[in-house]
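Okay, handing you the structure first.
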Amino acid sequence: MRTILAIETSCDETAAAVVVAGRHIVANVVASQVQLHRKYGGVFPELASREHVRVLPLVVQEAIGALTGGWSAVDAVAVTHGPGLAGSLLVGVNFAKGIAFSLGLPLLALNHLLSHIYANWLIPEGQDPAEPPEPEPQFPLLVLVVSGGHTDLVLMRDHEHYYTIGQTIDDAAGEALDKVARLLGLPYPGGPEIERAAAHGVPDAIQFPRARLRGTYDFSFSGIKTAALRLVQSYTGDEQEPDLSRLPIANIAAAFQEAVVQTLVEKTVEAAKAFEIREVLLAGGVAANGRLREAMKAALAPIPVRYPVRRLCTDNAAMVAAAAYYQGDRARAPWELDVYPNLSLPRVASVPELSTGY
């Protein structure tokens, strides 16, 4: 299974990619639905599903068109089967089944969260072929998967053994950023807008609370989100259509971003030291945040911190193909493959039991 065609439709990106040997991107095509959903301030599930149905055949054909030998050169078909929006996942899974069955190829099913992790194995498109690629990440690894729907700390012994040792107990970090951006009148998606606004603000101008959750590697962001709401209301009152011109938007964005980043960094550093990690990886859409990257590298030195190029942090199919390659036969799926909107990575009952062998 050297050359893998992968499909990703877990949310609002329709994506297809061809990747060779788990690292070399032949094609990575993504059709974004951001403009379609922007007026709703978030993803409208039914519209997302319909757009996937319309666009997916075109995206797949474009990806295959970049592969020498076309369909005959494909060794396997990989697809995201969870977590995500049920309707969106169904479009991708059924399309992948059809291709795999018609061509007599293996069908591989991938967890969306695991796929985000494997974006760190990909060699970025456009890299000079004469330049030697960065070596593969070295185990044992600690991965912070942080996005609009997920905030997880994942411990990886190798490609086969990985466990969630911490996760959000309420809101994901990306969700908190998106919702505070909406409070500030910033457009969807809110995470990048918060980062842009924060560049002009003073992080120390406002103090937001941090949920420490001592004795665990879990996170909580509901409290800080509520604090942001109360702060905005202190400037605007409870009007149905508040006057946002009164808000110190840049300072609020900078302070809120800093609080979220510090919470993520503190837990990651604590876990990395406890398990004698060789490398720390960032994955997911929020891994594109420049302040998070900067703070994590500074706090973890000399432990190496790795993260994908920004275009590989957000949803794409190349990461699905990379995960499929390294998971190999473990990812093989039956033709009865279904979707699992709430799929998660395995979590251990007790974190200390994993410390043996590090």
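Which numbered condition trips up residue 113, out of (1) part of a helix (DSSP H, G or I); (2) over 17 Å from the mean Cα position of the chain (by Cα)?
Of (1) part of a helix (DSSP H, G or I); (2) over 17 Å from the mean Cα position of the chain (by Cα), only one is false for residue 113: (2).
Filter region 82-106 down to residues that are crowded, with 21+ Cβ neighbours inside 10 Å and aliphatic (A, V, I, L, M) and give me whichever is farthest from the chain's Cα centre (by Cα).
100
Okay, next question. For residue 160, which of the numbered conditions (1) more than 23 Å from residue 43 (Cα to Cα); (2) touching a Pro at 6+ places or on another chain (Cβ under 8 Å) fails to hold?
All conditions are met except number (2).
Just to be sure before I move on: is residue 192 surrounded by 15 or more Cβ atoms within 10 Å (Cβ to Cβ) and either assigned by TED's automatic domain parsing to the domain that holds residue 258 or in contact (Cβ under 8 Å) with a residue 40 or more places away in the chain (or both) in the structure I sent?
Values: surrounded by 15 or more Cβ atoms within 10 Å (Cβ to Cβ): yes; either assigned by TED's automatic domain parsing to the domain that holds residue 258 or in contact (Cβ under 8 Å) with a residue 40 or more places away in the chain (or both): yes.
Criteria met by residue 192.
Between a residue in region 162-189 that is without any contact (Cβ under 8 Å) to a residue 12 or more places away in the chain and under 17 Å from residue 263 (Cα atoms) and any residue that is in a strand (DSSP E or B) and not small (Gly, Ala, Ser), which pairs come within a Cβ distance under 8 Å, given they are 6 or more apart or on different chains?
none
Applying the selection to region 244-268, what residues are over 12 Å from residue 212 (Cα atoms) and acidic (Asp, Glu)?
Within region 244-268, the first condition is being over 12 Å from residue 212 (Cα atoms), and the residues that meet it are 244-258, 261, 268.
The one that is over 12 Å from residue 212 (Cα atoms) and acidic (Asp, Glu): 258.
Let me ask you something else. Quick one: residue 336 ticks every box in (1) over 16 Å from the mean Cα position of the chain (by Cα); (2) crowded, with 20+ Cβ neighbours inside 10 Å; (3) part of a loop (DSSP other than H, G, I, E, B) bar one, so which box is it?
Residue 336 satisfies every listed condition except (2).
Mind checking which strands (runs of 3 or more DSSP E) fall wholly inside region 1-75 and carry at least 1 residues that are of a type in the set (Lys, Arg)? Before the answer, list the steps.
Details: elements: 3-8, 13-20, 24-32.
So the answer is none; nothing clears 1.
Sticking with this one: Taking region 265-320, which residues are farther than 27 Å from residue 30 by Cα and among the polar types (S, T, N, Q)?
268
Quick one: what pairs do we get from region 38-51, first residue in the same structural domain as residue 89 (by TED's automatic domain parsing), second basic (Lys, Arg), C-beta under 8 Å, 6+ apart or different chains?
41/182
Rundown of residues vs (1) over 21 Å from residue 333 (Cα atoms); (2) among the acidic types (Asp, Glu); (3) touching a Leu at 6+ places or on another chain (Cβ under 7 Å); (4) modelled with pLDDT of 95 or more, yes/no style:
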{"site": "46", "(1), (2), (3), (4)": "yes, yes, no, no"}
{"site": "81", "(1), (2), (3), (4)": "no, no, yes, yes"}
{"site": "97", "(1), (2), (3), (4)": "no, no, yes, yes"}
{"site": "101", "(1), (2), (3), (4)": "no, no, no, yes"}
{"site": "116", "(1), (2), (3), (4)": "no, no, no, yes"}
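If you don't mind, another one. Being among the basic types (Lys, Arg), touching a helix residue (DSSP H, G or I) at 6+ places or on another chain (Cβ under 9 Å), free of Cβ contacts under 8 Å to residues at least 40 places away in the same chain and over 19 Å from residue 124 (Cβ atoms), is that true of even one residue in region 52-65? Steps first, answer last, please.
Initially, region 52-65 is screened for residues among the basic types (Lys, Arg), giving 54.
Cutting the leftovers down to touching a helix residue (DSSP H, G or I) at 6+ places or on another chain (Cβ under 9 Å) gives us none.
So far as region 52-65 goes, no, none of its residues is among the basic types (Lys, Arg), touching a helix residue (DSSP H, G or I) at 6+ places or on another chain (Cβ under 9 Å), free of Cβ contacts under 8 Å to residues at least 40 places away in the same chain and over 19 Å from residue 124 (Cβ atoms).
The values are calculated or read from the model by the stated rules, or taken from the named source; none is laboratory data. Remember, predicted model here, so these are calculated numbers, not experimental data. Neighbour counts are summed over all protein chains in view; Cβ atoms, including those assigned to glycine, are modelled from backbone coordinates with ideal geometry.
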